[in-house]
Amino acid sequence: MDNEQSNAATKPQTTLARLREKLLDHTILLLALLVASITGAALWYLHSQQQRIVSSLAEQGAKQELTTMEQVRAMYTTEVVDKMRGHDITVTHDHLDQPNTIPLPATLTIELGNRINSQNTGLQLRLYSDYPFPWRKDGGPHDTFERDALVALRKNPNLQFIRLEDVNGKPMLRYAVADVMLPACVTCHNNTPASPKKNWKVGDVRGVLEARREISPLAMTIQTDQRRTFGLIGSMATLGLFGVGLAFVRQRRDAGNLRQVASRLSAMDAASPSGTFVTDVNGCCVHMNQEYRRITGHKGSGSVNTLWYASVHHEDRERVRKLWDEAIRNGYTFATDCRFVDDNGLHIWTSCKVAPMKDEHGLIGYAGTLEDISDRKKIEQMKNEFVSTVSHELRTPLTSIMGSLGLLAGGVSGELSDKAKTLVEIAHNNSERLVRLINDILDIEKIESGRMRFELVPAPLLPLVEQAIAANKAYAAQFDVTFSLDVQDPIACAKVDADRLIQVMTNLMGNAAKFAPAGTTVELCLTSHQDKLHFSVTDHGPGIPKDFRDKIFAKFSQADSSDTRQKGGTGLGLSISKAIIEAMNGDIGFETTEGQGTTFYFELPKWSESLEVRDPSAVEYKTLHRSKVLVVEDDHDVATLLVMMLERAGYEAVPAYDAASARRMLAEGCYSAMTLDLKLPDVDGRTFMKELHDDPATKNLAIIVVSGHLRRQVRQSNGNGNDLGVVDWIAKPINESNLLQAIKKTTRNQANGKTRVLHVEDDIDLRHIVSSLCEDVAEFDSASNFAEAADMLAKQRYGLIILDLELPDQSGWDLLPIIDKQVPHPSVLVFSGTELSHEESIRVTAALVKSHATNPELLDTVRHLTDSAGTNEA
């Protein structure tokens, strides 16, 4: 009985166990199938990821190697080869065997490739062509890939030719790009006798630049990571789907790590000619190449974990730090030029660029480059010195030449014969042509260097257009061409630099006049459309050829070189005009039809604010302060009358009723002149004059005697007055006109009735030209340097100073403090070879640029400044 009960109890337990075993067997099978499926899928996925990542890594590396090599070659061609040819340096393929030579760009590329190939880095570079020069014995294609690359890239030079091949039993990525003919290389290839082909054109594929990159080391790295991942999957198989899922996440993270490695490998490209470095998220270096170490002076592993800009020159470091902090905050690429200090203490100018590196999780660090631009800075300094030399050493003699020719043409030396007039006119026209060429070259240099100054102020455009027409009317008449103007908005205003805008209009009008048929009219039109002002110049000439239209605003562009010789011009005018209009926030363009004519136009934003605008056609001068006159008169009514007369004429008049008051006022202030009654309550007038004349502080004070005790026959002035400094004698009752004429004569510092002018200029010919030109309006003294000018200013008062800023011993600006001590203060006209900035121009009364200013402009300016000197002194 008990056994039966025991057997009955055992049966359910056995059945349950069998059921558990079956379930366990099925569960294991299911898990095994699931794990196998997932493992198989993971194996396929990892294998494909391996192939994709390896190919991507190799392709990226090869592409960046070739991009770097192309950039080096292009920079070498434009920045080194083109500039060295003018310095007795020969560019040749056998530069190693000849002195004073540098390699051809292609030779440099091949030698750099050979040097990189010898480093055993897994990277090989080769430049080849099916038209190699005879001295390049190994310059042709070697195998099928190279021949296929030449064919494919000649058809599609903008694409890449890529192929995976086994080379000597090693997997190799071969990456090729077209080596196209550059503008700077066409002439050399076509004109070299040994060249196998002499009909090259810009853009032709002359060869192939190829990079070979081994992918085996990369594959081994990835396979190691793959084995680690599979070991992880196997160890976690017992945990079921959770373990498999965890392994999958790990695999994805490893793939992300590989992408990060690829980014760092790209940044640390060992073949780059620039210094390269990689930093962490704080800007501390974690890797740097040898060129970076050379530039920064960093050596050994101790330089790692230091800020990348730690060795920036101390004068640049704060600026670099601020720019770097700003780039970090805003997340953009950092770029600037600065100086680094190498381990020898030398300063190396570099162009720095640093970009953030990111993955799917965010910022992982920064990669940067340092390019040594020391040679570029030296060239820039040479260019600046050349421009300065051109500005002074060419403009000064040209101004003398043009001034002399203008005086001759004006009959200064008598009537010229017809033949002489023709010769003078030819010389004058060609001088102007040379001046325009120099000014264009200087302007284009200023534009490219960002040093062209613009003083933008609201101004009406119509007066500027009319001024440009007047300036170009005579030029157009040479071609039997006239101008017509259609104005639809006469009060239109824009914010412009008046002089620069007239320069643009002059260029457009001059071009139109040159190309318009004789006997025709060039049509000018000034209109407005909504918020834009539109100015156009239309001629009925031959029009612009189609193949020239896309480069018409380029530098030195000419539609036809033979036409250039016929019409004249430098090919810079439109390029300069485009830069000027764009600096004024405008646009410039053209419309043309061959055989019918061309319309050039520009548009500027309309100025609509209710502000007072100034007429830029009028010459502007610095605001001048009033001359101060001391009125010494014991009669209060007469003193009041004299003060009223003088103040109405623009002077500042101060009364003194006795000699004691006059002494006190003269000691406390500066006076340009003094009126004196001979009968004073406390001293005789003549005694007082002698006292003032004996005192060094008042010795040069100009005195006008105003008294009722003069003889009926009034004494005559002898120019500068008598020995006591008396300029004129005026009897009471006072004639206002005589009084003001006498005062004006004293404050203008006249000689023989003309304003006395000091011309500070080291060029004796130009001094002679200016004095001859202005001899009817002023009396000239001259100084050739700073020391002479300072000495003359200490001894003599002047109504106008004409000042050259480039003096042989000191800057002309240094004379201003000495000039400021003159009483009354003279006007200052800067007449130099450089344009003044706004800050500089407000320091003087007026400014003209040598070779820019014509004889009439210079004469008008001198006349204005000498005429206004009577009531307003600078």
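Close amide H partners of PHE780, meaning residues 5 or more places away or on another chain with modelled amide H under 5 Å apart, are VAL757. In percent, rounded to a whole number, the relative contact order of region 756-870 is 25, using alpha-carbon pairs under 8 Å and six or more apart.
Of the solvent-accessible surface of region 274-377, computed with a 1.4 Å probe and all protein chains present, 48% belongs to carbon and sulfur. Protection proxy ranking, highest mean first, for peptides 348-355, 320-327: 348-355, 320-327, where packing is the per-residue count of other beta-carbon atoms within 10 Å, averaged. Taking the Cα centre of each part, how many Å lie between region 674-709 and region 485-519? Using only Cα atoms to place each centre, the spacing works out to 60 Å.
Annotation: per residue accessible area for region 274-377 equals 50 Å², rounded to a whole number [probe 1.4 Å, protein chains only]. Scalar couplings 3J(HN,Hα) for region 336-342, obtained by applying the Karplus form with A = 6.51, B = -1.76, C = 1.60 to θ = phi - 60°, are 6, 9, 7, 9, 9, 10, 7 Hz; x denotes Gly and Pro. Within region 274-377, the proportion of C-alpha pairs whose separation exceeds 20 Å stands at 32%. Multiplying each eigenvalue of the alpha-carbon gyration tensor of region 756-870 by 5 and taking the square root yields semi-axes of 18, 16, 15 Å, largest first, rounded to whole angstroms. Computed from backbone phi, the HN-Hα couplings of region 425-436 come to 5, 4, 4, 5, 4, 6, 5, 4, 5, 5, 4, 4 Hz, rounded to whole numbers (Karplus: 6.51 cos²θ - 1.76 cosθ + 1.60, θ = phi - 60°; Gly and Pro given as x). Listed values for region 761-777 are Karplus-derived 3J(HN,Hα) couplings in whole Hz (6.51 cos²θ - 1.76 cosθ + 1.60, θ = phi - 60°), namely 7, 7, 8, 5, 5, 5, 4, 5, 4, 5, 5, 5, 5, 10, 5, 7, 10, and x replaces Gly and Pro.
Using C-alpha pairs below 8 Å separated by at least 6 residues, the relative contact order for region 274-377 is 30 percent. Solvent-accessible surface of region 747-848, averaged per residue with a 1.4 angstrom probe and all protein chains in place: 39 square angstrom.
Rounded, prolate or oblate: which one fits region 108-199, using the alpha carbon gyration tensor with axes a ≥ b ≥ c (rounded when a/c is under 1.5, else prolate when a/b beats b/c, else oblate)? Because a/c hits 1.5 or more and a/b exceeds b/c, region 108-199 counts as prolate. For trypsin sites (Lys or Arg not before Pro), the sites in region 101-151 that DSSP calls loop and that have at most 11 other Cβ atoms within 10 Å are LYS137.
The values are calculated or read from the model by the stated rules, or taken from the named source; none is laboratory data. Here the structure is a predicted model, which means the values were calculated and not measured. So basically every Cβ, Gly included, is an ideal-geometry build from the backbone, and we count neighbours across all protein chains shown. Side chains included, ligands, DNA and RNA excluded: accessible areas come from the protein's heavy atoms. Shrake-Rupley method; radii C 1.70, N 1.55, O 1.52, S 1.80 Å.
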